[in-house]
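Beneath this line is the structure, given in structure tokens, with notes to follow.
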Amino acid sequence: MECSEKVKGILATLPDKPGCYLMKDADGSIIYVGKAINLKNRVRSYFQQSSDHSYKTRQMVRKIRDIEWIVVASELEALILEMNLIKQHRPFYNVRLKDDKRYPYIKVHWADPFPKLTVTRNMVNDGSRYFGPYTSVWAVHQTLDILRKIFPYLTCAREITGTDERACLYYDIKLCSAPCIGAVNQEEYRLMIDDLCKFLEGRTDPIMSRLKESMDEASAKLDYERAAVYRDQIQAIDRVVERQKIISDERKDSDVIAMARSKGEACVQVFFIRSGKLIGREYFILEGTEAEENSEILEEFIKQFYSQAAYVPNKVMLPQEVEEARIIKEWLNTRRGGEKVQLTVPKRGQGKELVQMAAENARETLKSLEIRWKADKDRQHQALAEIQAVLGMPEAPNRIECYDISNTQGTASVGSMVVFEQGVPAKKNYRRFNIKSVSTPDDFASMREVLKRRFSRYITEQQEKEKPGYKPDLAFSLLPDLLIVDGGKGQLRQAVEIIEELDLQGQFTLVGLAKQEEELFLPGKTDSVRLDDHSQGFYLIQRIRDEAHRFAITAHRNQRGKIGLASRLDAIPGVGPARRKELITRFGSINGILAASAEEISQIKGVSTEMAQAIKAQLE
């Protein structure tokens, strides 16, 4: 295949060593990441005429203008680096997990004397125990609700001494075991949290045995109140375990992976089997799968999924062989701390049935998602057509921007910009503006500042476009088709003046949205226009307005909280501007500082353990 002189020069200098390569387009964006045992042979193969090249590969090669490579010591290192690069850059031509945000995990803060549970999207090596990933934050919180009823763990920021006079309300409603008043000691509390971890791992038999022994022991000592607590725990675990079907005679840990494909989409279903019981399942959607073989998609899924999984079982069942099974197994062994992992393709019996069941679930999941996607798309098209009609626009608006201002008596004023593309939130392009030029509660002046900054950035982007190495900021480099300012006629006037001042009039439709009746005001027209109350267009306008309001309020609360925290920190002896800034940056809020241990706070430069304790005491 034809390539530029620059690429030809790079191909001539490629080393005969293992490593990763990064393909770049004319804008310098990374469009593909790959790995190779021999970089020279692998990268050159893309530019050789071959009937084996798929349409997708040929299309990608035409766009390649630059290639970088990184040499590593082994094939295993190349595999790990490739996974990290794909996660970091999310190249368009790579198969990748669809959600570009990190998946949520349940984090058990095991290194703390009295461990708590939180939800996090980052796994760090801090002595904590992690469970996940989950595909739904809602599912995580639902799991935590169940766990707290069975294992009443701490959720408050108290320092646990066991000598507090009173417990909080959660103890009274049996949602906390109250180590603060000594209702349980540290050893008992940690044993309960260890049971919670085993429960999440699906290992309920040893928990049940121990709880029954403890119940019998308490009963024998006539401690019926304590025996009743154990009995309630046993019954609660029983109710959950009843729904966990035993589906494997081996009583071992394994994951079952299968896939379904339809119309360019690929859905992978994972069954989590622990001690022979199906304890959960998750589905994942992959993108960049067009023209890829099933085995290649499975291969990429395995690598990306287990690179962020909190636990790797000793057996992974697949619907078919994958080409890189040997090196993937070697990598999974390292993830399990040297223990061997089996990658198997069951040919008969229970294993094959499990893979078939996972595949059927993947098909049903994909089918239901496609129905939902189609319904959403139809509603969005209808909504945009209705907005086009009522505003007299030449075409349906593809990009809609909405602006709102939030403040409290003029303090910490924040403007929000939300962007919807084809009726769907484009959250990557949301922006917040901390108001700099207005010190009084003046929403009109604040809106003028926000719009002037936004569209001045557009003008700057246009000027920068011709420069080499230019990378567009998609939040600012495009104009909207429809611009909505929340606030009706008054805010509309501010917007019109700024648009005229920057000589952008006539390039998009501009409306003011009245807060009460969802009325839309157009420049130069006295009367408002309204969408039908039950139309899809009405619902979309409401959603856009609510999203702008939510985004502004959230930003304002954060800003106001930091101002409040800063003033409280200023009152603490020894906390100067530098330490104050570091405390705010690291912990974010008063609750964040109170939740941290004195040891964590003392990690800040210049803060001793004694000062950390003084900071916590002052804030309390």
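No lab work stands behind these numbers, since they all come straight from the coordinates. Please read all numbers here as calculations on a predicted model, not as lab measurements. FYI the Cβ positions are ideal-geometry reconstructions off the backbone, even for glycines, and counts take in every protein chain you see.
Of all beta bridges that DSSP places with both ends in the chain, some 80 percent have antiparallel geometry.
DSSP beta bridges in the range 335-486, what fraction antiparallel, as a percent rounded to 5?
The antiparallel fraction comes to roughly 80 percent.
Can you sort L369, L147 so the residue with the fewest Cβ neighbours within 10 Å comes first?
Values: L369 15, L147 18.
Fewest to most other Cβ atoms nearby, the residues stand as L369, L147.
If I model the chain as equal point scatterers sitting on the Cα atoms and use the Debye formula, what is log10 I(q)/I(0) at q = 0.05, 0.06, 0.12 Å⁻¹? Summing over Cα pairs of the chain leads to -0.32, -0.46, -1.42. The magnitude of the dipole of the range 105-241, with charges of +1 and -1 set on the Cβ of Lys/Arg and Asp/Glu and taken from the Cα centre, is near 440 debye. List the aspartates and glutamates whose Cα lies under 14 Å from the Cα of K436, skipping any in the same chain that are fewer than 8 positions away. Here the aspartates and glutamates satisfying the reach criterion relative to K436 are E449.
Cross-link pairs exceeding 27 Å between alpha carbons, from the set K87/K315; K35/K107; K427/K465; K8/K303: K35/K107; K8/K303. Cross-link check: pairs K98/K377; K277/K377; K56/K367; K40/K347 evaluated at a Cα-Cα cut-off of 28 Å; pairs beyond the cut-off: K277/K377; K40/K347. Our coupling estimate for the range 466-473, obtained by passing each phi through the Karplus curve with A = 6.51, B = -1.76, C = 1.60 and θ = phi - 60°, is 7, 7, x, x, 5, 10, x, 8 Hz, Gly and Pro reported as x.
Anything over 32 Å Cα to Cα? Flag those among K24/K452; K17/K63; K263/K352; K212/K252, in the order listed.
Working: K24/K452 34 Å; K17/K63 25 Å; K263/K352 26 Å; K212/K252 24 Å.
Distance filter (> 32 Å) returns K24/K452.
Rounded to the nearest 500, what is the chain's calculated 222 nm mean residue ellipticity when only DSSP H runs of at least 4 contribute -39500 (n - 2.57) each, over all residues? Show your work: numbers first, answer last.
Working: 19 runs with 278 residues, N = 620.
Rounded to the nearest 500, the figure is -14500 deg cm²/dmol.
Relative to the present Cα-Cα distance, how much length would full extension add between T13 and D164 at 0.36 nm per residue of separation? Before the final figure, lay out the partial values.
Numbers: separation 151, 0.36 × 151 = 54.36 nm, distance 7.07 nm.
Result: 47.3 nm gained on full extension.
Considering every alpha-carbon pair of the range 5-94, the percent of pairs per 5 Å bin, from zero through the bin containing the longest distance, is 3, 15, 25, 25, 23, 9, 1.
Here the Karplus curve 6.51 cos²θ - 1.76 cosθ + 1.60, taken at θ = phi - 60°, turns the phi angles of the range 277-282 into couplings of 10, 7, 9, x, 8, 9 Hz, with x standing for Gly and Pro.
Compute the FRET efficiency between K340 and E497 as 1/(1 + (r/R0)^6), taking r as their Cβ-Cβ distance and R0 = 56 Å, and round to the nearest 0.05.
On the way: r = 71 Å, r/R0 = 1.26.
According to the calculation, E is roughly 0.20.
Rounded to the nearest 20 debye, the dipole magnitude of the chain is 800 debye, with +1 charges on Lys and Arg beta carbons, -1 on Asp and Glu beta carbons, and the Cα centre as origin.
Report the full-extension gain for the segment R65 to A26: residue separation times 0.36 nm, less the Cα-Cα distance, to one decimal in nm.
Details: separation 39, 0.36 × 39 = 14.04 nm, distance 0.55 nm.
The span from R65 to A26 would gain 13.5 nm if fully extended.
In units of the compact-protein estimate 2.2 N^0.38 Å, the range 105-241 shows a Cα radius of gyration of 1.06.
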